[in-house]
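One structure is given here, and the rest of the page talks about it.
The values are calculated or read from the model by the stated rules, or taken from the named source; none is laboratory data. Keep in mind the model is a prediction, meaning the values are calculated, not measured. Quick reminder, even Gly has a Cβ in these numbers, built from the backbone with ideal geometry, and neighbours come from all protein chains shown.
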Amino acid sequence: MDLYCAAGELAGITSLVDAFYSNMDDFPEARVIRSMHPDDLTEARKKLTYFLCGVLGGPRLYLEHYGGVDLPDFHRQFTIGTDERDAWMFCMQSAIAIQPYEASFKEYLLARLSIPAERIRLVNAIET
Ligand code: HEM
């Protein structure tokens with residue numbers, strides 16, 4: 001089974017991102033990163049959902065709708081250190097945990113997303 005299929009395709013990834021942003025609303029650990037986002041998360045949910053479809057080998061919906069993005073560079077506008085990276089990963093880990101995914105896919109996805117999260121932190125730490 002391919003990764004996009006394992007994630008439940010667009011519907012499954014939409015549920016994952018809904019859980020992720022609902023964790024960001026609820027978790028005290030995520031207060032700082034939540035405040036970097038607009039009050040209305042509709043567009044942020046859609047963008048992350050579309051982006052993850054492409055990451056998992058599905059349709060490149062983000063590219064089609066919004067064009068290309070350099071994620072680390074995009075995130076330079078925020079202050080993202082280890083606390084912010086960990087808060088993002090905590091929201092994602094808890095969201096992944098409640099999805100009806102195979103255990104091996106949950107592990108894979110968490111490890112896969114920790115790579116761009118760390119990259120974003122690293123680029124953010126470099127003064128330009
Ligand atoms: C490391 C911790 C991270 C923090 C604190 C963070 C924070 C943010 C914030 C504040 C926004 C703007 C939302 C808005 O204005 O609507 C954003 C947008 C976005 N983030 Fe992150 N993010 C992180 C990691 C990631 C990772 C790991 C990914 C991908 C796997 C990702 C993908 C995106 C995408 C696709 C957008 C939308 C970009 C756009 O506006 O076109 N982020 N993020």
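Computed quantities for the displayed model
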quantity: Any hit, the stretch 82-104, residues being near the ligand (Cβ under 9 Å from one of its atoms), within 26 Å of GLU9 (Cβ to Cβ), modelled with pLDDT of 95 or more and not hydrophobic (A, V, I, L, M, F, W, C); calculated: no
quantity: Elements of type helices (runs of 4 or more DSSP H) contained in the stretch 63-126, each with 3 or more residues being of a type in the set (A, V, I, L, M) and under 26 Å from ASP26 (Cβ atoms); calculated: 82-97, 103-125
quantity: Check on TYR66, buried (at least 16 other Cβ atoms within 10 Å of the Cβ), among the hydroxyl-bearing types (Ser, Thr, Tyr) and either more than 12 Å from the chain's Cα centre (by Cα) or on the phi > 0 side of the Ramachandran plot (or both); calculated: no
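Quick grid of which residues meet (1) within 13 Å of the ligand (Cβ to nearest atom); (2) touching a residue at least 24 places away in the same chain (Cβ under 8 Å); (3) crowded, with 20+ Cβ neighbours inside 10 Å:
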site	(1), (2), (3)
ALA11	no, no, no
SER15	no, yes, no
PHE20	yes, yes, yes
ASP25	no, no, no
ILE33	yes, yes, yes
ASP39	yes, no, no
GLU43	yes, no, no
LYS46	yes, no, no
TYR50	yes, no, yes
